[in-house]
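The structure appears right after this line, and notes come after that.
The values are calculated or read from the model by the stated rules, or taken from the named source; none is laboratory data. Being a predicted model, the structure only gives us computed values, none of them experimental. Every residue, glycine as well, gets a Cβ built from its backbone with ideal geometry; the counts of neighbours run over all protein chains shown. Surface accessibility is based on the protein's heavy atoms, side chains included, excluding ligands, DNA and RNA. Shrake-Rupley method; radii C 1.70, N 1.55, O 1.52, S 1.80 Å.
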Amino acid sequence: MSIFLETELIVSSYVLSVHLRDLLVRIAETYDPKAGTASGVAAQDLLREVARMPDLPLPQGFVASGYGGKGSASRTPWIGVFGESINMQAQEGLYLAYIFDSNRTSVTLTLQQGVTKLSDAYPKLGDRLRELKRRARHLRAGMEPELAAQWAHTPIFSSKLERPRAYEAASVAARRYEIASMPAEKVLAEDLRVASLLLRDAAASHRVWLQQPSENEPIAYEGEGHLPRPADDPLDGFRPNDSSDYYVHIRGGRRRRERHHEELIKDFGLHVVMRGYQPITLGMYPRDLVLRRPAVDQQRSWLVEGKAVKKGNATQAVREAVGQLYEYSYYWHQKRGEPKPHLVALFTEDIGHYAEYLEEHGIASIWRTGGGGWAGSPTAVSWDLAVGAWPGGV
């Protein structure tokens, strides 16, 4: 065996046994965008070997690949981590990435949206960046508030180039590591595990986003339908409407629905998925939302009526919610031979003493909190739909 070949095998064996912490530090220390991407460039070779490294702490069902550019070297090299059942490409969809800043003094683990194919619909960079940021906000709405706060870093990759700026705008959740004080391997492994869970939740939210009608598109409800059977995908029957104002066509005229109401239903629907519920809007009109929880109760459903509290006037919102919940429960469930559904009144803000009033009438109440979470009455808490935060305590 030649000395050259023997050396190559030793190097290859070393590369394949690199741990995540060592990999990130070594790339930061050796990467040189002026050196190009050819074979023999140390950092580029290291990135190309990432897909074959067995010691990286990848969650089950995930794979990794390194990227240093094609032709010319990237100013911001990165390592992609892809869920095999979620998305296996960086051009579109969602994935995780360790992206180095242009100075290689830090690397950010970020939940990324694919940016390449979006350029077809948004050829102008400014429009594309705004759309990415808008989508990121919607995707974050489906995350647990506590986790969203822990992963709230906004990446800055210190480059004016188009691609790094797109990476910044496309980030849904992120955590930054300074190369000079890189955490221990077990910390990085745990962060990656949590990020993989965030990716799975965001992927569910992403499917909802793609099913929404385009902005300002009028929505006409036709037919009544029946409750869909539970599917493997908990979002199979969830089709929240666009959050911009629009008109709903109903018998006898047109009725305007406002964005606050649609945002409320959409965000709450994404929230309950992580609680083991299946949110359904498809075929549910005039009901706002129906929840199923096959693992807990195969028969009964949860009937949700959402109300925007306008100018602090909870009285009107509560009255409307009570009337509609009783009406829909009777005519759309009990009259059709279905078990009486659990009743849930959903609000954009705290309804004060009315929470106790609704409890007395067999209606659980839930409302948004200032921190982006969901608080509610004891019954709502017992169903794991909210945390307790009403005057009477839980």
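Annotations
- Number of residues in the stretch 153-203 that are farther than 16 Å from L96 by Cα and free of Cβ contacts under 8 Å to residues at least 40 places away in the same chain: the value is 5.
Listed here are the residues, each with its yes/no results for (1) open to solvent by 40 Å² or more (accessible area, probe 1.4 Å); (2) among the charged types (D, E, K, R).
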residue: H333; (1), (2): no, no
residue: V344; (1), (2): no, no
residue: G352; (1), (2): no, no
residue: E356; (1), (2): yes, yes
residue: E360; (1), (2): yes, yes
residue: W367; (1), (2): no, no
residue: G372; (1), (2): yes, no
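- Subset of the stretch 308-331 that is charged (D, E, K, R) and either within 17 Å of F347 (Cβ to Cβ) or open to solvent by less than 30 Å² (accessible area, probe 1.4 Å) (or both) - its residue that is farthest from the chain's Cα centre (by Cα): R319
- Criterion: touching a Leu at 6+ places or on another chain (Cβ under 6 Å) and modelled with pLDDT of 95 or more - qualifying residue of R165, R175: R175
- Close contacts from the stretch 296-317, counting a first residue that is farther than 21 Å from D267 by Cβ and a second that is assigned to a strand (DSSP E or B) and open to solvent by 10 Å² or more (accessible area, probe 1.4 Å), with Cβ to Cβ under 7 Å and a gap of 6+ residues or different chains, come to R300/H342.
- Extreme residue, modelled with the lowest pLDDT, among residues of the stretch 75-89 that are in contact with a helix residue (DSSP H, G or I) (Cβ under 6 Å, 6 or more places away or on another chain) and either surrounded by fewer than 18 Cβ atoms within 10 Å (Cβ to Cβ) or among the hydrophobic types (A, V, I, L, M, F, W, C) (or both): I86
- Here the strands (runs of 3 or more DSSP E) wholly within the stretch 181-294 that include at least 2 residues being at pLDDT 65 or above and buried (at least 18 other Cβ atoms within 10 Å of the Cβ) are 278-280, 289-293.
- Residue selected from the stretch 42-74 under the condition out of contact with any strand residue (DSSP E or B) (no Cβ under 9 Å at 6 or more places or on another chain) and charged (D, E, K, R), by the criterion surrounded by the most Cβ atoms within 10 Å (Cβ to Cβ): D45
- Condition check for R104: among the charged types (D, E, K, R), closer than 16 Å to S159 by Cβ and open to solvent by 10 Å² or more (accessible area, probe 1.4 Å): yes
- The stretch 295-307: number of residues that are surrounded by 15 or more Cβ atoms within 10 Å (Cβ to Cβ) and closer than 16 Å to K340 by Cβ: 6
- Single match in R135, R176, R140, R165 (criterion: within 14 Å of the chain's Cα centre (by Cα), closer than 27 Å to G69 by Cβ and open to solvent by 40 Å² or more (accessible area, probe 1.4 Å)): R135
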